[in-house]
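Peer 1: This is the structure I have questions about; it appears just below.
The values are calculated or read from the model by the stated rules, or taken from the named source; none is laboratory data. These figures come from a predicted structure and were not determined experimentally. Methodologically, a virtual Cβ is constructed for each residue, glycine included, from the backbone with ideal geometry; neighbour enumeration extends over all protein chains shown. All accessible areas refer to the heavy atoms of the entire protein, side chains included, with ligands and DNA or RNA removed. Shrake-Rupley method; radii C 1.70, N 1.55, O 1.52, S 1.80 Å.
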Amino acid sequence: MFVLGLQGSPRLKGNTSILLSTFLNEAERLGAYTRQIDVASMDIVPCQECGICERDGYCPINDDMQQIYPLLRSADLIVMATPIFFYGATAQMKALIDRSQAMWVRRYVHRLTDPGRKWRKGLLLSLGATKGKRLFDGLNLMAKYFFDAVGAHFEDSLTYRQIEKSGEIRQHPKALIEAREKARDLVMPYLHKVRVFFVCSRDPCPCQMASAFTQFYAGDRVETECIADVSGGINPLMSEVMRERGIDMGYRESRSIDEAVHYRPPDLVISMGHRKDRPIFPWIESREWPVPDSMNRSIEAMCQMRDKIEERVRVFINSLERSKGSVIEDRD
Ligand SMILES: Cc1cc2nc3c(=O)[nH]c(=O)nc-3n(C[C@H](O)[C@H](O)[C@H](O)COP(=O)(O)O)c2cc1C
């Protein structure tokens, strides 16, 4: 499980950061892989309303937001943490939120479904100096629409009043305890997932498709990694044939094997294509899903491959169901 924490305060060791890192440390202790981004340290310019994302589905501004889009896509849980500045989020966090318009467009203008959308959750952490009754009203609405844009279900918010001086959150009678409890509530249900590595030969397309279909159909039970040459990127023809199925391959990134194992080793390895250097993990159950190895497929060949892989994924998921998630007993 990957938990992404977005820390919106410019006071990098202030109250928001303490609250968020308490949450993330507990999530990590339970077995999640976590990452905290200090949004104020990133170079993220506000949306320029150029309209290019509406046309192309991508934001053309070349700044640090380009690193955040794939993180939002690969997260299972997104934690947005910000102090209240004038009844809303900080300007730094608001710039990030506005730039998520590129993801909103993919969903609502281009009608594409991110395969992780059904399973991803969002949590809001916030605090402010005053005790106003409606202190968090605006921010809660903003969070609701941000999480919808990035494909996450807005699960809950933890908000604290009368927190002003740096570090004051530590004196709050409940805040840090509640952050740890919330981490347990949100992380535990994810930890039972079967972790599957799809490992490619030269061509990353089959693994990218298999990983996306598996997440789309069974992301609540299976956690997938697409292991490929990370510099490979996404083949536009493959994106096109997945788009015909309504599946959004945008911002999906493959990982290197070292990175994926560092996070958590697999329960099952599925090799696609014809690798000569197998087995990668001799001690872990592995399968082969042979696919013709070609870097230059026609659109028809790409469609055929997509259909075969989708069928294979469905059979695989059914067999996991029969064996109640045990990959050892499964034979597809
Ligand atoms: C520019 C600015 C605007 C603020 N606006 C509000 C506000 O509208 N309501 C409020 O209760 N606190 C407001 N605050 C106070 C902060 O929310 C509070 O000090 C908080 O604890 C800061 O958290 P941090 O340590 O994570 O930065 C504001 C602070 C600043 C610097």
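Peer 1: Within the bounds of the range 164-174, is there any residue that is open to solvent by less than 10 Å² (accessible area, probe 1.4 Å), touching a strand residue (DSSP E or B) at 6+ places or on another chain (Cβ under 6 Å) and at negative phi?
Peer 2: First pass over the range 164-174, keeping only residues open to solvent by less than 10 Å² (accessible area, probe 1.4 Å): 169.
Those still in the list that are touching a strand residue (DSSP E or B) at 6+ places or on another chain (Cβ under 6 Å) too: none.
Within the range 164-174 (the criterion being open to solvent by less than 10 Å² (accessible area, probe 1.4 Å), touching a strand residue (DSSP E or B) at 6+ places or on another chain (Cβ under 6 Å) and at negative phi), the answer is no, since none of the residues qualifies.
Peer 1: I would also like to ask the following. Inside the range 52-131, counting only helices (runs of 4 or more DSSP H) that do not spill past its ends, which hold 2 or more residues that are closer than 21 Å to Ser157 by Cβ and open to solvent by 20 Å² or more (accessible area, probe 1.4 Å)? Give the derivation first.
Peer 2: Working: elements: 52-56, 65-74, 91-99, 101-108.
Answer list for the range 52-131: 91-99.
Peer 1: Please identify the pairs in which a residue from the range 75-86 that is within 14 Å of Gly138 (Cβ to Cβ) has its Cβ atom under 8 Å from the Cβ atom of a residue that is assigned to a strand (DSSP E or B) and more than 16 Å from the ligand (Cβ to nearest atom), counting only partners at least 6 apart or on another chain.
Peer 2: Taking only residues 6 or more apart or on different chains, the pairs are Met80/Gly122; Met80/Leu123.
Peer 1: Now, a different point. Is it fair to say Ser17 is open to solvent by less than 40 Å² (accessible area, probe 1.4 Å), within 14 Å of the ligand (Cβ to nearest atom) and in a loop (DSSP other than H, G, I, E, B)?
Peer 2: On the way: open to solvent by less than 40 Å² (accessible area, probe 1.4 Å): yes; within 14 Å of the ligand (Cβ to nearest atom): yes; in a loop (DSSP other than H, G, I, E, B): no.
So Ser17 does not fit the description; no.
Peer 1: Quick one: is Gln304 farther than 30 Å from Val150 by Cα and modelled with pLDDT of 90 or more?
Peer 2: Numbers: farther than 30 Å from Val150 by Cα: yes; modelled with pLDDT of 90 or more: yes.
When the stated conditions are applied, Gln304 passes them.
Peer 1: Something else about it: Out of the residues in the range 136-154 that are open to solvent by 70 Å² or more (accessible area, probe 1.4 Å) and in contact with a strand residue (DSSP E or B) (Cβ under 8 Å, 6 or more places away or on another chain), state the one that is nearest to the ligand (Cβ to nearest atom).
Peer 2: Lys144
Peer 1: Considering only helices (runs of 4 or more DSSP H) fully contained in the range 178-268, which possess at least 2 residues that are open to solvent by less than 20 Å² (accessible area, probe 1.4 Å)? Explain how you work it out, then say what you get.
Peer 2: Numbers: elements: 205-218, 236-244, 257-263.
Helices (runs of 4 or more DSSP H) meeting the threshold: 205-218, 236-244.
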